[in-house]
Amino acid sequence: MDAGGRCVMKMDHHCPWINTCVGHFNHGHFTAFLASAVGGCCVSSIILISWVANVLSLKPLPFPPPPVYTLILVVFSIGLSIGVVLAVGMLLYFQMLAIIRNRTEIEDWILEKSRYRRDDTDTKYVHPYSKGWHFNISQVLTWDCIPVGDGITWPVIDGCNQYTLTREQLAQKLDKRKRARRYRIIKATSGSKFPIGHGFGVFFHPLCTDEPRIKLDIDDIVVVTRWKKYWLFGEKEQKDGENTKRVRGWLPRPCAVEYIKLKNVCDLQTRKIIYSIPICVHITFFLYIFTLKRRLRHICHVIYT
Ligand SMILES: [Zn+2]
(Lines give C-alpha, C1' and ligand atoms only; values in the text may rest on other atoms or scores of the structure.)
Protein backbone atom coordinates (compact mmCIF):
# COMPACT_ATOMS: atom_id res chain seq x y z
CA MET A 1 0.00 0.00 0.00
CA ASP A 2 1.34 3.37 -1.07
CA ALA A 3 1.46 6.43 1.23
CA GLY A 4 -1.30 7.89 -0.94
CA GLY A 5 -3.56 4.95 -0.05
CA ARG A 6 -3.25 3.12 -3.38
CA CYS A 7 -2.40 -0.54 -3.75
CA VAL A 8 0.52 -1.05 -6.10
CA MET A 9 1.52 -4.49 -7.39
CA LYS A 10 5.10 -5.51 -6.47
CA MET A 11 5.69 -2.04 -5.03
CA ASP A 12 9.34 -1.06 -4.75
CA HIS A 13 9.22 2.53 -3.52
CA HIS A 14 7.44 5.83 -3.96
CA CYS A 15 9.51 8.12 -6.16
CA PRO A 16 8.92 11.84 -5.50
CA TRP A 17 10.79 12.77 -8.73
CA ILE A 18 8.29 11.01 -10.98
CA ASN A 19 5.51 11.55 -8.40
CA THR A 20 4.28 7.98 -8.46
CA CYS A 21 5.18 4.52 -7.19
CA VAL A 22 7.65 2.21 -8.85
CA GLY A 23 6.10 -1.25 -9.10
CA HIS A 24 5.37 -4.18 -11.39
CA PHE A 25 4.21 -2.27 -14.49
CA ASN A 26 6.73 0.58 -14.52
CA HIS A 27 9.88 -1.00 -13.08
CA GLY A 28 11.33 -1.52 -16.57
CA HIS A 29 10.41 2.00 -17.67
CA PHE A 30 11.86 3.46 -14.47
CA THR A 31 15.15 1.60 -14.98
CA ALA A 32 15.30 2.74 -18.61
CA PHE A 33 14.65 6.32 -17.44
CA LEU A 34 17.49 6.15 -14.90
CA ALA A 35 19.84 4.60 -17.46
CA SER A 36 19.08 7.31 -20.05
CA ALA A 37 19.53 10.09 -17.46
CA VAL A 38 22.92 8.67 -16.47
CA GLY A 39 23.91 8.03 -20.11
CA GLY A 40 22.81 11.50 -21.25
CA CYS A 41 24.68 13.23 -18.45
CA CYS A 42 27.82 11.17 -19.19
CA VAL A 43 27.71 12.36 -22.82
CA SER A 44 27.11 15.99 -21.81
CA SER A 45 29.95 15.86 -19.24
CA ILE A 46 32.38 14.58 -21.87
CA ILE A 47 31.34 17.19 -24.48
CA LEU A 48 31.40 20.11 -22.02
CA ILE A 49 34.70 19.11 -20.41
CA SER A 50 36.41 18.76 -23.82
CA TRP A 51 34.99 22.18 -24.87
CA VAL A 52 36.35 23.86 -21.72
CA ALA A 53 39.72 22.12 -22.22
CA ASN A 54 39.81 23.44 -25.79
CA VAL A 55 38.95 27.00 -24.76
CA LEU A 56 41.50 27.07 -21.96
CA SER A 57 44.27 25.57 -24.11
CA LEU A 58 46.62 28.02 -25.80
CA LYS A 59 45.92 26.58 -29.25
CA PRO A 60 44.11 28.82 -31.77
CA LEU A 61 40.31 28.25 -31.62
CA PRO A 62 38.20 27.51 -34.72
CA PHE A 63 35.51 29.85 -33.25
CA PRO A 64 35.57 33.29 -31.61
CA PRO A 65 36.59 33.09 -27.90
CA PRO A 66 33.49 32.84 -25.63
CA PRO A 67 32.74 35.51 -22.97
CA VAL A 68 33.68 34.71 -19.36
CA TYR A 69 30.08 34.23 -18.16
CA THR A 70 29.55 31.48 -20.81
CA LEU A 71 32.60 29.73 -19.45
CA ILE A 72 31.24 30.01 -15.88
CA LEU A 73 27.84 28.63 -16.95
CA VAL A 74 29.47 25.70 -18.74
CA VAL A 75 31.60 24.83 -15.69
CA PHE A 76 28.44 25.01 -13.56
CA SER A 77 26.67 22.63 -16.01
CA ILE A 78 29.58 20.20 -15.78
CA GLY A 79 29.10 20.18 -12.01
CA LEU A 80 25.39 19.42 -12.40
CA SER A 81 26.04 16.70 -14.99
CA ILE A 82 28.58 14.92 -12.81
CA GLY A 83 26.21 15.29 -9.84
CA VAL A 84 23.41 13.57 -11.80
CA VAL A 85 25.77 10.82 -13.01
CA LEU A 86 26.82 10.06 -9.41
CA ALA A 87 23.42 10.40 -7.69
CA VAL A 88 21.21 8.79 -10.34
CA GLY A 89 23.97 6.27 -11.12
CA MET A 90 23.80 5.17 -7.49
CA LEU A 91 20.03 4.74 -7.76
CA LEU A 92 20.46 2.82 -11.03
CA TYR A 93 22.99 0.54 -9.34
CA PHE A 94 20.53 -0.29 -6.54
CA GLN A 95 17.67 -0.82 -9.01
CA MET A 96 19.83 -3.21 -11.03
CA LEU A 97 20.75 -5.05 -7.83
CA ALA A 98 17.05 -5.32 -6.96
CA ILE A 99 16.23 -6.67 -10.44
CA ILE A 100 19.10 -9.19 -10.41
CA ARG A 101 18.01 -10.48 -6.98
CA ASN A 102 14.30 -10.16 -7.88
CA ARG A 103 13.73 -8.44 -4.54
CA THR A 104 11.96 -5.12 -4.07
CA GLU A 105 13.01 -2.65 -1.39
CA ILE A 106 10.01 -3.72 0.72
CA GLU A 107 10.96 -7.39 0.33
CA ASP A 108 14.47 -6.45 1.50
CA TRP A 109 13.00 -5.18 4.79
CA ILE A 110 10.91 -8.33 5.18
CA LEU A 111 14.01 -10.43 4.57
CA GLU A 112 16.02 -8.45 7.10
CA LYS A 113 13.30 -8.84 9.73
CA SER A 114 13.05 -12.57 8.93
CA ARG A 115 16.75 -12.99 9.76
CA TYR A 116 16.36 -11.01 12.97
CA ARG A 117 13.33 -13.11 13.93
CA ARG A 118 15.24 -16.37 13.43
CA ASP A 119 18.43 -15.22 15.15
CA ASP A 120 18.43 -18.07 17.67
CA THR A 121 17.00 -20.82 15.46
CA ASP A 122 18.43 -22.94 12.65
CA THR A 123 15.50 -22.37 10.30
CA LYS A 124 15.99 -19.94 7.45
CA TYR A 125 13.54 -17.96 5.38
CA VAL A 126 14.05 -18.44 1.64
CA HIS A 127 13.06 -15.64 -0.74
CA PRO A 128 10.68 -17.40 -3.13
CA TYR A 129 11.05 -15.27 -6.29
CA SER A 130 14.73 -15.39 -7.14
CA LYS A 131 15.28 -18.03 -9.86
CA GLY A 132 18.78 -17.07 -10.98
CA TRP A 133 20.03 -13.71 -12.26
CA HIS A 134 19.33 -14.38 -15.94
CA PHE A 135 15.70 -15.33 -15.26
CA ASN A 136 15.27 -12.41 -12.83
CA ILE A 137 16.49 -9.82 -15.33
CA SER A 138 14.30 -11.21 -18.13
CA GLN A 139 11.25 -10.75 -15.87
CA VAL A 140 11.68 -6.95 -15.72
CA LEU A 141 13.99 -5.74 -18.49
CA THR A 142 12.36 -6.41 -21.85
CA TRP A 143 12.85 -4.54 -25.15
CA ASP A 144 9.49 -2.76 -24.91
CA CYS A 145 9.78 -2.34 -21.07
CA ILE A 146 6.49 -4.25 -20.62
CA PRO A 147 7.02 -6.75 -17.76
CA VAL A 148 6.38 -10.48 -17.97
CA GLY A 149 3.36 -11.80 -16.04
CA ASP A 150 0.16 -10.30 -14.65
CA GLY A 151 1.61 -8.97 -11.37
CA ILE A 152 -0.55 -11.30 -9.24
CA THR A 153 0.85 -14.82 -9.69
CA TRP A 154 4.61 -15.27 -9.80
CA PRO A 155 7.02 -18.04 -10.70
CA VAL A 156 8.54 -19.34 -7.45
CA ILE A 157 11.39 -21.68 -6.57
CA ASP A 158 10.80 -25.29 -5.49
CA GLY A 159 9.56 -25.68 -1.93
CA CYS A 160 7.84 -22.28 -1.93
CA ASN A 161 4.40 -21.22 -3.06
CA GLN A 162 2.46 -18.02 -3.84
CA TYR A 163 1.92 -17.33 -0.13
CA THR A 164 5.43 -17.95 1.29
CA LEU A 165 6.17 -14.23 1.55
CA THR A 166 2.68 -13.35 2.78
CA ARG A 167 2.90 -15.93 5.59
CA GLU A 168 6.26 -14.58 6.72
CA GLN A 169 4.89 -11.04 6.64
CA LEU A 170 1.82 -12.00 8.69
CA ALA A 171 4.04 -13.78 11.23
CA GLN A 172 6.18 -10.63 11.50
CA LYS A 173 3.09 -8.48 12.08
CA LEU A 174 1.94 -10.83 14.84
CA ASP A 175 5.40 -10.64 16.44
CA LYS A 176 5.20 -6.87 16.33
CA ARG A 177 1.82 -6.86 18.06
CA LYS A 178 3.22 -9.11 20.81
CA ARG A 179 6.14 -6.73 21.38
CA ALA A 180 3.88 -3.67 21.50
CA ARG A 181 3.72 -1.62 24.72
CA ARG A 182 1.10 0.90 25.77
CA TYR A 183 2.26 4.43 26.59
CA ARG A 184 0.30 7.28 28.19
CA ILE A 185 0.83 10.83 26.93
CA ILE A 186 1.93 13.18 29.72
CA LYS A 187 2.67 16.20 27.51
CA ALA A 188 0.72 17.19 24.38
CA THR A 189 2.59 16.84 21.07
CA SER A 190 2.20 19.14 18.07
CA GLY A 191 3.01 16.69 15.27
CA SER A 192 5.90 18.91 14.16
CA LYS A 193 9.04 17.47 12.56
CA PHE A 194 11.23 19.78 14.68
CA PRO A 195 9.30 19.96 17.95
CA ILE A 196 10.30 22.63 20.47
CA GLY A 197 9.89 22.23 24.20
CA HIS A 198 10.74 18.54 24.54
CA GLY A 199 14.40 19.08 25.32
CA PHE A 200 17.57 19.42 23.26
CA GLY A 201 17.82 15.67 22.61
CA VAL A 202 14.59 15.61 20.60
CA PHE A 203 15.30 18.88 18.78
CA PHE A 204 18.80 17.90 17.70
CA HIS A 205 17.85 14.35 16.70
CA PRO A 206 15.10 14.87 14.10
CA LEU A 207 14.09 11.74 12.22
CA CYS A 208 15.18 11.05 8.65
CA THR A 209 11.89 9.55 7.51
CA ASP A 210 8.78 10.69 5.66
CA GLU A 211 6.56 8.77 8.09
CA PRO A 212 4.15 11.13 9.88
CA ARG A 213 4.65 12.73 13.28
CA ILE A 214 1.42 12.64 15.24
CA LYS A 215 -0.49 15.22 17.26
CA LEU A 216 -1.59 13.94 20.66
CA ASP A 217 -3.23 15.27 23.80
CA ILE A 218 -2.52 14.55 27.44
CA ASP A 219 -3.89 11.16 28.63
CA ASP A 220 -4.09 9.70 25.12
CA ILE A 221 -2.92 6.10 24.98
CA VAL A 222 -0.49 5.05 22.25
CA VAL A 223 0.41 1.48 21.34
CA VAL A 224 4.14 1.70 20.64
CA THR A 225 5.84 -0.76 18.29
CA ARG A 226 9.20 0.92 17.54
CA TRP A 227 11.66 2.64 19.87
CA LYS A 228 14.42 5.16 19.26
CA LYS A 229 16.40 7.05 21.86
CA TYR A 230 14.38 10.25 21.40
CA TRP A 231 11.31 9.05 19.47
CA LEU A 232 8.58 6.45 19.68
CA PHE A 233 6.49 5.01 16.84
CA GLY A 234 2.98 3.93 17.61
CA GLU A 235 -0.71 4.08 16.96
CA LYS A 236 -3.16 6.09 19.03
CA GLU A 237 -5.66 3.85 20.80
CA GLN A 238 -9.23 4.75 19.85
CA LYS A 239 -11.50 5.60 22.76
CA ASP A 240 -14.78 3.66 23.13
CA GLY A 241 -17.36 4.72 20.58
CA GLU A 242 -14.81 6.71 18.64
CA ASN A 243 -14.48 5.52 15.07
CA THR A 244 -12.13 7.83 13.25
CA LYS A 245 -9.17 7.37 10.95
CA ARG A 246 -6.14 5.53 12.37
CA VAL A 247 -3.59 7.90 13.87
CA ARG A 248 -0.16 6.36 13.42
CA GLY A 249 3.31 7.87 13.50
CA TRP A 250 6.24 9.17 15.53
CA LEU A 251 6.13 11.18 18.76
CA PRO A 252 8.87 12.65 20.97
CA ARG A 253 9.80 10.10 23.61
CA PRO A 254 9.75 12.48 26.63
CA CYS A 255 6.02 13.10 25.99
CA ALA A 256 5.01 9.57 26.98
CA VAL A 257 5.44 7.18 29.88
CA GLU A 258 4.92 3.44 29.75
CA TYR A 259 1.50 2.51 31.03
CA ILE A 260 1.84 -0.37 33.46
CA LYS A 261 -1.19 -1.96 35.05
CA LEU A 262 -0.15 -3.90 38.15
CA LYS A 263 -1.74 -7.30 38.35
CA ASN A 264 -2.50 -6.99 42.07
CA VAL A 265 -1.43 -5.11 45.17
CA CYS A 266 0.78 -8.02 46.30
CA ASP A 267 2.92 -7.36 43.24
CA LEU A 268 3.60 -3.83 44.47
CA GLN A 269 4.42 -5.06 48.00
CA THR A 270 6.86 -7.63 46.64
CA ARG A 271 8.61 -4.83 44.75
CA LYS A 272 8.84 -2.72 47.90
CA ILE A 273 10.46 -5.59 49.80
CA ILE A 274 12.91 -6.24 46.94
CA TYR A 275 13.88 -2.57 46.75
CA SER A 276 14.38 -2.31 50.54
CA ILE A 277 16.90 -5.19 50.72
CA PRO A 278 19.94 -3.16 49.47
CA ILE A 279 19.02 -0.32 51.83
CA CYS A 280 18.99 -2.72 54.82
CA VAL A 281 22.38 -4.09 53.77
CA HIS A 282 23.84 -0.58 53.68
CA ILE A 283 22.48 0.36 57.10
CA THR A 284 23.85 -2.83 58.67
CA PHE A 285 27.25 -2.21 57.09
CA PHE A 286 27.45 1.36 58.46
CA LEU A 287 26.36 0.25 61.91
CA TYR A 288 29.07 -2.40 61.86
CA ILE A 289 31.81 0.11 60.88
CA PHE A 290 30.56 2.54 63.52
CA THR A 291 30.67 0.01 66.33
CA LEU A 292 34.03 -1.33 65.08
CA LYS A 293 35.54 2.13 65.48
CA ARG A 294 34.20 2.41 68.99
CA ARG A 295 35.47 -1.05 69.87
CA LEU A 296 38.94 -0.23 68.44
CA ARG A 297 39.08 2.95 70.47
CA HIS A 298 38.16 0.96 73.54
CA ILE A 299 40.96 -1.56 72.88
CA CYS A 300 43.56 1.20 72.37
CA HIS A 301 42.45 2.80 75.59
CA VAL A 302 42.97 -0.48 77.47
CA ILE A 303 46.50 -0.96 75.98
CA TYR A 304 47.73 2.54 76.81
CA THR A 305 46.51 2.56 80.38
ZN1 LIG B 1 3.36 6.04 -4.44
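The values are calculated or read from the model by the stated rules, or taken from the named source; none is laboratory data. Since we're looking at a predicted model, the values are computed, not measured. Positions of Cβ are generated from backbone atoms using ideal geometry, with glycine treated the same way; all protein chains shown enter the neighbour counts. Keep in mind that these areas ignore ligands, DNA and RNA; they rest on the heavy atoms of the full protein, side chains included. Shrake-Rupley method; radii C 1.70, N 1.55, O 1.52, S 1.80 Å.
For the chain, with all protein chains in place and a probe radius of 1.4 Å, 66% of the accessible heavy-atom surface sits on carbon or sulfur. Per residue, the chain exposes 72 Å² of accessible surface when a 1.4 Å probe is rolled over the protein heavy atoms with every protein chain present.
Packing order of peptides 110-123, 11-24, 276-289, 175-188, highest average first: 11-24, 175-188, 110-123, 276-289 (average count of other Cβ atoms within 10 Å over each peptide's residues). Taking the average, over residues, of other Cβ atoms within 10 Å as the packing measure, peptides 48-54, 219-225 rank 219-225, 48-54 from highest down.
Taking 0.36 nm per residue of separation and subtracting the current Cα-Cα distance, fully stretching the chain between Arg248 and Ala188 would add 20.1 nm. Segment 1-178: D in µm²/s via Stokes-Einstein (Kirkwood Rh, Cα pairs, 37 °C, 0.692 mPa s)? Stokes-Einstein gives a translational diffusion coefficient of 167 µm²/s. With all projection directions averaged, the alpha carbon convex hull of the chain covers 36.5 nm². Summing Lys and Arg as +1 and Asp and Glu as -1 over all other residues whose Cβ lies under 12 Å from the Cβ of Arg213 gives a net charge of +1. Mind checking the angle between helix 68-101 and the chain's longest principal axis? C-alpha axes, 0 to 90 degrees, to the nearest 10. Once rounded, the angle reads 70 degrees. Look at where the Cα atoms of segment 86-140 and of segment 179-210 average out, and the two centres are 33 Å apart.
Based on the inverse mean of 1/r over its pairs of different Cα atoms, what is the Kirkwood hydrodynamic radius of segment 180-258, in Å? Roughly 12.5 Å, rounded to one decimal. Normalised by residue count, segment 120-206 yields a Cα convex hull volume of 251 Å³ per residue.
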